[in-house]
Each structure stands twice: as C-alpha cells, then as structure tokens.
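K.L.:
Starting off with a structure, shown below.
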Number of protein chains: 2
Amino acid sequence: MTTRQRPVPDGLVEAFWEYERALMADDVATLDRLFAPGPTTLRGDADGLLVGHDQISAFRSSRGGTPQRRIVQTHVQTVDDDHALVVAVTELARGGRGQQTQLWVRTADGWRVTAAHVSAPGPALDTRIWRLVGDPLVPAIGPGPLDGETVAVKDVYAVRGERIGAGNPAWLAEAREEPVHARAVELLLEAGASLRGIARTEEFAWSLAGVNAHYGAPPNPRAPRRAAGGSSSGSASAVSLGQASIGLGTDTAGSIRVPAAYQGLYGIRTTHGAASTYAVLPLARSFDAVGWLTRDAGLLRRVGEVLLPPGPRNPASDLVSVPGLTGLAEPEVAAVVDAFAAEHGAMRESWDLTELPAWLAAFQTVQAWEAWHDLGAWVAPRLDEIGPEVRARFEAAALVDDEQAAAARQVVGRASARIRELVGERVVVLPSAPSVAPLLGADRSAGRQATLLLTGLAALAGLPAVGLPGRTRSGLPTGVCLLAAPGRDRDLLELAIDLT
Amino acid sequence: MTTRQRPVPDGLVEAFWEYERALMADDVATLDRLFAPGPTTLRGDADGLLVGHDQISAFRSSRGGTPQRRIVQTHVQTVDDDHALVVAVTELARGGRGQQTQLWVRTADGWRVTAAHVSAPGPALDTRIWRLVGDPLVPAIGPGPLDGETVAVKDVYAVRGERIGAGNPAWLAEAREEPVHARAVELLLEAGASLRGIARTEEFAWSLAGVNAHYGAPPNPRAPRRAAGGSSSGSASAVSLGQASIGLGTDTAGSIRVPAAYQGLYGIRTTHGAASTYAVLPLARSFDAVGWLTRDAGLLRRVGEVLLPPGPRNPASDLVSVPGLTGLAEPEVAAVVDAFAAEHGAMRESWDLTELPAWLAAFQTVQAWEAWHDLGAWVAPRLDEIGPEVRARFEAAALVDDEQAAAARQVVGRASARIRELVGERVVVLPSAPSVAPLLGADRSAGRQATLLLTGLAALAGLPAVGLPGRTRSGLPTGVCLLAAPGRDRDLLELAIDLT
C-alpha cells in the first residue's frame, strides 16, 4: 500500500483484507461486523445511498453476493492512529475496473467501516430499462419542433424493422418484424425527435407496479430501492435518468400516471381516441390511451402539439378538489394534493362516490374481456411463460363470458356519463396514485386496487389526465393529477405549465 | 447537514459550498485551490482514479466543466476538528442521481479535499463504444459451442436489417439496410452466440489509434485515460469492460493486435483468406483479415473452431525471437517480450530487416490504392465529412496511380515470400505494438509508423498472428505477438492456451 505522510495504522491492512475476503465469499456476518453499527453508517453505489447499518445489512442479505474482483491499487490516507481512508481500484472478473472508498475507524472491537462508496462498470445497456438502444436507434425524419429530443418507446409500439416485445420473452421470440412505425412514433420522428431505444414494459402493459417478472424492476433514481411504477416503467426510468427526454407509453388504467407519480415526472394520459394507437399492441381497446412522460412541463406540451389533434382551447378553468378522492390516498400524499389545491384556489366539492368500487369492478371486467379477446388465443397455451401476477389476470380474464362483459359494459357506460357530468368544464385535482412508490419486495395486491380507484376515473370516462410531480414531507416523489373533459388535453398541458 | 456524533467543524460547510459553486461555474482555479496540493491527493470517477494534484488539475482544465447538478442530501462524518468526510447525494439537471464522497482536511490555508470519489448516472449506451446495443441485438441461432457468449460486432460487418456505419456519420446516413448477415456473424450466431451490439470502429478501419474523430475515444479500463487502440476499438473496449465476451473485428495492418496490446486482451488476426470476409466492408482486400478479441485464451480458441476452416495441426513449434524486431519496441515493452521468449525457450535469431521500411512503404501504397479503389468514389466528394487523420490518408491514396500500385505490389510479393521463408514452420515471438497505450491527446504520427513496422509483417505475408496480454513493470498492459505460417491459426490458438 502506498501511504500518505503518516504510516498506516496497526491492524488496518489486516482488517481491509478481512473485509475483501468476506466480500468475495459473501460472508454477510463478517461484512456486517466490519461495518460500524448505528444509524449514521453509509454505503453508496449506483443504486443509491444506504444510511444506517440496518439498511446496509438488509441490502447485503438480499443481493446474493458481489461480482468477483481483485484489488489492483490501494491508497491509504491516514488521519490518525484510529482513522484512515482507504481508496482501492478493483478489477472485476467480468471485465472493467471499479473504485471503492472506505473510511475506517478503530473502535474498542477493532477496525470498522463508517462510510463506503463503491463504483463498478455498468453493462452495455441497463436491461431493466431497455431492450434495444442506439445512437440513435432510429434517426429523426424532421427537422421540427422536437429537434434534438430523444424518445424511449414503450415496447408495445411498432418500430419499423423491429419486433414488439410486450415485456414477455416468449411473445418477443415469436414476434415478426414490424413493417411500419406506429403512428405516434412516426409523428415524433417527423417532428425531429430520434428514437433512443425500445424500453421495457410490464407484461402486455397489464400492471401498475413497475416490476417485470422477466427483466426486473427498472430503477427509480429519486426513490432508490422503490418501485418505478408501471406499466410504462422503462420509458419512465429512462426519462428520470436522462437517458431519453421523452418517454412514450400507454395508459389503460394508470400506466403513465403511476410511474410519473412514483418518479416525480410529468406525464399525460390523453383523451381516449385523441392520439392515434395505430400499430400499438392493444391491452383493452375501450380504454387504451397514448401517453408520454417528461422531466419538464414545457416539453410535455410540445409533444402534445405533435401527437394531439388541434382543437379549441379553454385553459381558464375552475379547479375542483374532491375530499372523497384525495382521502383515498395516504396522508402524506393527500397533504401534497391538498396543499396544491389550496395554493391554486381549487373549490372543494363533495361527490357521491359510493358506486366507485362497482364502477371499477365493471371496468376490470371489460378490460379483462378485451385483453382476452385480443391476446387470449396466444396466451392460453403459454400461461407458463407469463409472470405470476399478470398470469393470474389472464387466468381470470379467460373466465369472463360475453354476457358478463356486456353487463359490465353497461355499468361502464353509466359510470362514464356520470363522471363526465361531475367533471364538467372544471379541472379536477386529485392524487395521481394513493401512495409514494412502494419499497421493492413489498406486497403489491392492496396497493393495486387502491390505485385503480384513483386512476380508474379517467379510464372509465376516457378523460385526459396530466400528472404533475410533487414531493412529500419525507422527500419522496408523488404526483398531483389534473383531470378534465374529453378533448381538453391541450388545456391540461397549458395548465401544467401555468401551475408549476 | 446531518452529522455523526461530533459536530461539524468550523468552516467546513462554507468550504463545501464554495467548492460546489466553483464546480458549477467550472472555476478551475478555485477547484485547484480547494484540492490539497501534492502527489497523494486522489480523485476517482468512472473513467479511473487520478493520483496527485497535477493529474487532477490537468483533468479539470481539459474537461470543460461538469454536468449541472444540485445537492439533495449531505452526511458529514467528523473525525476531529481538522478532518471530516462529506458524503453528498447529487441530482443532475440532465436526470438521475449521483454520489460524491470527499475527505476534507484543515490546513494552514483552510479546508482542502485530499480524496474525492464521484459517481454519476451513465448514458443509455456508451456512444464511444457502441452504435447499437440490445438484450440481445440479434438472438443466437444455435445452440452450439458458443452458447451464452455475446458479441460486439465491429461496424464494418453486415448485420441483417441494420446498416454498416464504418465509423463515419455520413457513410451511415447513406447506408442501406443489409439484406444478410456477414458470414462470420452468421457462423457465430449459429454457434450459439448472440449479438450484444454494433461497436464503433475508427473511420473505415483505417487507423490504429483508437480515437474516432466523430464519436470519441472508447475507454481503456486497464490503462485509464490512454488510447484504446484501433481500429477495432469499440469491440476491444466492450470486451475489456465485460459488455461483450467476444469482440469481432478486422485486422488489415494491426487493428486487432494493437487494441489487444493496449488493453491487455487476447486477439487473433487470421490468415488472409482463411476466415470469410463475406459482407464485410473492405479497406484493402489484399490484406483485410477477420479477427477477434477475448478476455481469455480458451474462448479465443473456441471462436476459432467456429470461424476457421478445419486443417492439420502442428502445435509443437520452435519459438524464435528476433532481436531486430523486439528492439523496435520501447524498452519496457521489449523487456516483457524478452522475458516471455526466455521463459518459453525461444531461440534468438538475427534477421536482415534492412528492407523492412521499403516493404512497409510498398504495403502502404497497395493499401492506399485498394482503399481508394473501393471507397474513393464515395469519399472524393465527401472529404469534409472525414476526420483529419483518415482524410489525409484518403487524400494521399487518391494520388497513387496504377503504375505505382503495380510496382508496390511486386515489392509486397517479394516481401511476403521472404517473410514466409524467415518464419518457416516456427512461431515468431515479437511485440504486438511498440509501446504501451499512448496517453489520449499525445501526438500519434510517429507511433503509427513504428507500429506498422511490427504489425506489417503479418499483413505483408498474410500470416496469422495471436496477441497475448502482458504487463509492463509500471503495470500497464502490453502485448506479446505470436506469428506463424499461413493456415496455422489453430496452432497459434492452441499455443496461446499452452503458453499462458
């Protein structure tokens, strides 16, 4: 070891190598022992900073070991007999070099690490986020208003010459190359944007969680180790990380608004039918809507000018907040929505929401019937190829008969009319999702139903909805949703700029 | 700031924010002042660890600022009144979060950083290395002996449905989609390997430096801030970083052997004509040879079993080293080659190399004529679209007339016969390149001619050559080259395993 001025303190070298051996052997007990106990111990890597011995220990126990490596350089900066910084350059067996910086402190029990910072070379592409990426994957056709913008395309849109993967390896393996671009893709290219790549989706876009059973959970940079939100998960994470500026996705029942909320992004679900779904793999045609995510409201609107039909505008709208909706969210999320509503002078209004659970059940019945109608023939003999959560949805969908679907469709029709009546020409302020992004590994079933109660309104009535980023008191991203009458997408995009 | 037990020392917070403001303003003088002087100050990021204030200062002056960011969390671990570690979580304006760990020391002149470790989220793909990547870009056709291996394909090989980019944006923009895979690509797919992506090449593969004027210099992980070597630069860096296991490239005059040496990889240039160049963009057909790079000798051979024709084997060969060739390398490289030769009992032999410069000149004349013959019609009106070094080669090539080429071809023929005679049935041990990887930014012209003197032997005589990784006394990668008679590729691949 090379040293800085002072000699290396006694026992430090031995402790350093004990740690390294334990790391290579995934000896979690030794690693836990060599990290200082207590709430201020730190460990950071590309997935975020862990604070406190408990978080670090939980991380170690769950990750299943670290890539094999050897130490190729060490530098010690000795502070005093009891404190030293050790910087090591590592060479990974899989290739590439990394760096590890550790602050060591001598305690009564021996040397302990109080802070560690670890860097390792990444893969060619983050396969949790992307299936294909390029510089660019597809060049712009433009020039136009989106010159220089880059798009992460959800893997349910056709990209000419590529297959649609739909988040499922078996589907991808059997897919044919698409002969044309989806209309939305083509419009973005004509407007000057290029395609950065094809982003992961949850299987068949039928989930809100942000965890794909085959490709893993895309990261959520502003809420490390929490769900990305779905099903437009890859598009959202790509935008969060700055790997693309526009995340093109779909929103059948919240698949834009949920990742926008979980990751602190802007997002829009367009009026059902307003933006073309030509050459987009359907999930439930009565509800599927084009949507997109960005890091700023200005770009959100500029994309709307490209993808949405022109139309009359009426941006000056009364804002309304509905305590019965806000109250569906957890208190820290509701607090953000209430504060937003108060700041912008929203009127509080009581709605009769007793039928909402029934409406939602009807929505899910129609969605299931339509999903099975479009995908069932392919899915039926391949259920074993589908992750457990989405598989269970397809299995239930197979049991929905035409009569049940017809009855549900009647309920949806009534619900849609009633919701449109309630919204009127106002803009409703509500939570984009009922909670902040759940920790990865947490149970998702209850959260899904709670989420659908909020996101289902726009789905049932085919309304446009814009998600704005908020932040809870504990510093986590959340979303405020603006809902308006059908066709008022551009008004909402304008309002998103005015209100943020 | 949250603190650990002890209070934050006086003045540290102010120094921290002074540094942050200077960083955002790219105020290099202030940054230099706030980093401790002397040879032990450290700064590391994804591109490697800088050691000493001088290196750090030079880096700062050349990088042209850092991405804009804001600090979203800070944690201070106070060691004593004069020492503290500050860990900060950053949020980049372009998206994503990073981490910065700094050890601060109070000196007579104020607080100074003695060590810094910086992490920032990467792009969707490293465009210095790759043009396109996927999970996979093209799936395996196999199964076969290369199951699970991933290939970085140099951007001169046809990949069905993709264009050939040849390292030049104008060429790429005009290219058509390839109707079939290059034969070598197809064989790898049939053998079970998948394509990870299409890797950058230097323009038209006509360089050995590893710096592309349009896309930058791919990183060299084992020799940070030094050249990757070319022209199979992207393939080599991808393999070094573990982003692919096989780097498929070409070697006209050293384009496999040079990156192998600079990056410490295994590499083979095959016998001219032995492995199919079908659907590979030519540079100089008389010399172009298929080649590949790996991180281990076993995989190097396994690829050979797929791409090379079967043939008689004669692995037991006398090794010969030629002081006149070894002496063309710098002393620290020559020392590695001499040690290798001595260890493996190579006989020393003197060759008359007085004609070597003339042979090389003839080689370059023929190469230039052939390059112009294949590419001149396209290049002539587009010289402005080509980087200065390669452009100069094309401009010179345009002046080579048929008569000069014919005369040069005669010299090449005589040289080839003479070289084959000298090599005979032995295996010649020589340096893969005359120097370690040059620092990026260093003058390249002299190095190129010196390199060609060594790499040109195999090129002139169409010989197979295997590059083995070595390491100089100062710890930098270098290469030992094994050269044999035409068709003895498999013998060399066998020998590479036996000798390492």
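Read-outs throughout are calculated quantities, based only on the coordinates presented, and are distinct from any laboratory measurement. Everything numeric in this text was worked out from a predicted model, so none of it was measured. Neighbour counts run over all protein chains shown; Cβ positions are idealised from the backbone, glycine included.
K.L.:
In degrees, nearest 10, range 0 to 90: what is the angle between the Cα axis of helix A:388-398 and the longest Cα principal axis of chain A?
P.N.:
Result, in degrees: 20.
K.L.:
Pop the C-beta distance of A:Ser474 and B:Arg160 into the FRET formula with R0 = 45 Å and round what comes out to the nearest 0.05.
P.N.:
0.30
K.L.:
Please get the size of the charge dipole for the stretch A:324-479, origin at its Cα centre, with Cβ charges of +1 on Lys and Arg and -1 on Asp and Glu, quoted in debye to the nearest 20.
P.N.:
320
K.L.:
Under a plain spin-label model, where a point goes 7 Å from the Cα along Cα-to-Cβ, how far apart in nm are B:Glu14 and A:Glu174?
P.N.:
7.1
K.L.:
Using only the Cα atoms of the stretch A:2-119, what semi-axes does the equivalent ellipsoid have when each is the square root of 5 times a gyration tensor eigenvalue? Give whole Å, largest first.
P.N.:
They are 21, 18, 13 Å, listed from largest to smallest.
K.L.:
Just from its helices, what would the mean residue ellipticity at 222 nm be for chain B, if runs of 4 or more DSSP H residues each count -39500 (n - 2.57) and the sum is divided by every residue, rounded to the nearest 500 deg cm²/dmol?
P.N.:
About -10500 deg cm²/dmol.
K.L.:
Could you check what % of the DSSP bridge pairs in chain B are antiparallel, to the nearest 5? Walk me through the intermediate numbers first.
P.N.:
Numbers: 61 of 81 bridges.
Here the antiparallel bridges make up roughly 75 percent for chain B.
K.L.:
Find the relative contact order for the stretch B:2-119 and round it to a whole percent, using C-alpha pairs within less than 8 Å whose residues are 6+ positions apart.
P.N.:
27
K.L.:
Same structure, new question: Between B:Thr354 and B:Thr30, what length comes free when the chain is fully extended (0.36 nm per residue of separation minus the Cα-Cα distance, one decimal in nm)?
P.N.:
Additional length available on full extension: 111.1 nm.
K.L.:
Next up: Over chain A, what is the relative contact order in whole percent, taking alpha-carbon pairs under 8 Å and six or more residues apart?
P.N.:
The value is 13 percent.
K.L.:
Quick one: work out the % antiparallel among DSSP beta bridges in the protein assembly as shown, nearest 5.
P.N.:
75
K.L.:
Please list 3J(HN,Hα) in residue order for the stretch A:367-377, calculated via the Karplus relation 6.51 cos²θ - 1.76 cosθ + 1.60 where θ = phi - 60°; whole Hz, with x for glycine and proline.
P.N.:
4, 4, 4, 5, 4, 5, 4, 7, 10, x, 4
K.L.:
Could you give me the ³J(HN,Hα) list for the stretch A:253-262, computed from phi with Karplus coefficients 6.51, -1.76, 1.60 and θ = phi - 60°, whole Hz, x at Gly and Pro?
P.N.:
Result, rounded to whole Hz: 9, x, 6, 9, 5, 5, x, 4, 5, 5.
K.L.:
Take B:Asp296 and A:Arg70, extend 7 Å from each Cα along the Cα→Cβ direction, and tell me the distance between the two endpoints in nm.
P.N.:
Between B:Asp296 and A:Arg70, the label points sit 1.3 nm apart.
K.L.:
Mind checking the log10 I(q)/I(0) for the protein assembly as shown at q = 0.06, 0.08, 0.09 Å⁻¹? Debye, one equal scatterer per Cα, no solvent, two decimals.
P.N.:
Rounded to two decimals, the profile gives -0.50, -0.86, -1.04.
K.L.:
What is the Cα centroid distance between the stretch B:63-129 and the stretch A:130-186, reported in whole angstrom?
P.N.:
Using only Cα atoms, the two centres lie 36 Å from each other.
K.L.:
I'd like to compare B:462-468, B:444-450, B:227-233: which one has the highest average count of other Cβ atoms within 10 Å, and what's the full order after that?
P.N.:
The packing order, highest mean first, is B:227-233, B:462-468, B:444-450.
K.L.:
Then there's this: Which value, to two decimals, describes the C-alpha radius of gyration of chain B once divided by 2.2 N^0.38 Å?
P.N.:
Normalised by 2.2 N^0.38 Å, the Cα Rg of chain B equals 1.07.
K.L.:
When the Karplus curve 6.51 cos²θ - 1.76 cosθ + 1.60 is applied with θ = phi - 60°, which whole-Hz ³J(HN,Hα) does each residue of the stretch A:194-200 get, with x for Gly and Pro?
P.N.:
With coefficients 6.51, -1.76 and 1.60, one gets 10, 8, 6, x, 9, 9, 4 Hz.
K.L.:
Here's another thing I want to ask about it. For helix A:53-63, report the angle its Cα long axis makes with the longest principal axis of the Cα atoms of chain A; keep it between 0 and 90° and round to the nearest 10°.
P.N.:
70
K.L.:
Using alpha carbons only, how many angstrom separate the centre of the stretch A:1-51 from the centre of the stretch B:338-402?
P.N.:
Spelled out, the Cα-based centre of one part sits 52 Å from the other.
K.L.:
Can I ask one more? Counting only DSSP beta bridges with both residues in the stretch A:2-119, tell me the antiparallel percent, nearest 5. List each step's numbers first, then the result.
P.N.:
Values: 32 of 39 bridges.
About 80 percent, rounded to the nearest 5.
K.L.:
Going by amide H atoms built from the backbone, whose H comes under 5 Å of the H on B:Val480, apart from near neighbours?
P.N.:
Those lying under 5 Å, H to H, from B:Val480 are B:Ser432, B:Leu468, B:Gly470.
K.L.:
Moving to a separate point now. Excluding B:Ala380 itself, calculate the net charge of residues whose Cβ lies under 13 Å from the Cβ of B:Ala380, where each Lys or Arg counts +1 and each Asp or Glu counts -1.
P.N.:
With Lys, Arg at +1 and Asp, Glu at -1, the neighbours total -2.
K.L.:
Please list B:191-204, A:23-36, A:281-294 highest first by mean number of surrounding beta-carbon atoms within 10 Å per residue.
P.N.:
Packing proxy ranking, top to bottom: B:191-204, A:281-294, A:23-36.
K.L.:
Tell me the label-point distance for the pair B:Asp47, A:Glu330, using the 7 Å Cα-to-Cβ offset, in nm and rounded to one decimal.
P.N.:
Once both label points are built, they end up 4.1 nm from each other.
K.L.:
Could you pull out every residue, at least 5 positions away or on a different chain, whose amide H is within less than 5 Å of the one on B:Asn220? Hs are placed 1.01 Å off N in the peptide plane, and Pro or chain starts have none.
P.N.:
For B:Asn220, the qualifying residues are B:Arg225, B:Arg226.
K.L.:
Also, quick follow-up: Quick one: which residues, 5 or more positions from A:Leu50 or on another chain, have an amide H under 5 Å from its amide H? H modelled 1.01 Å from N in the peptide plane, none for Pro or chain starts.
P.N.:
Sorted by chain and number, the residues that satisfy this are A:Arg43, A:Gly44, A:Asp45.
K.L.:
Just tell me how shielded A:83-91 is by partners: mean number of partner chain Cβ atoms within 10 Å of each residue's Cβ, no decimals.
P.N.:
Neighbouring Cβ atoms belonging to other protein chains average 4 per residue here.
K.L.:
Sticking with this one: Figure the gain on full extension for B:Glu91 and B:His373 (residue separation times 0.36 nm, minus the Cα-Cα span) and round it to one decimal in nm. Mind showing how you got there, number by number?
P.N.:
Values: separation 282, 0.36 × 282 = 101.52 nm, distance 5.24 nm.
So the chain would gain 96.3 nm between B:Glu91 and B:His373.
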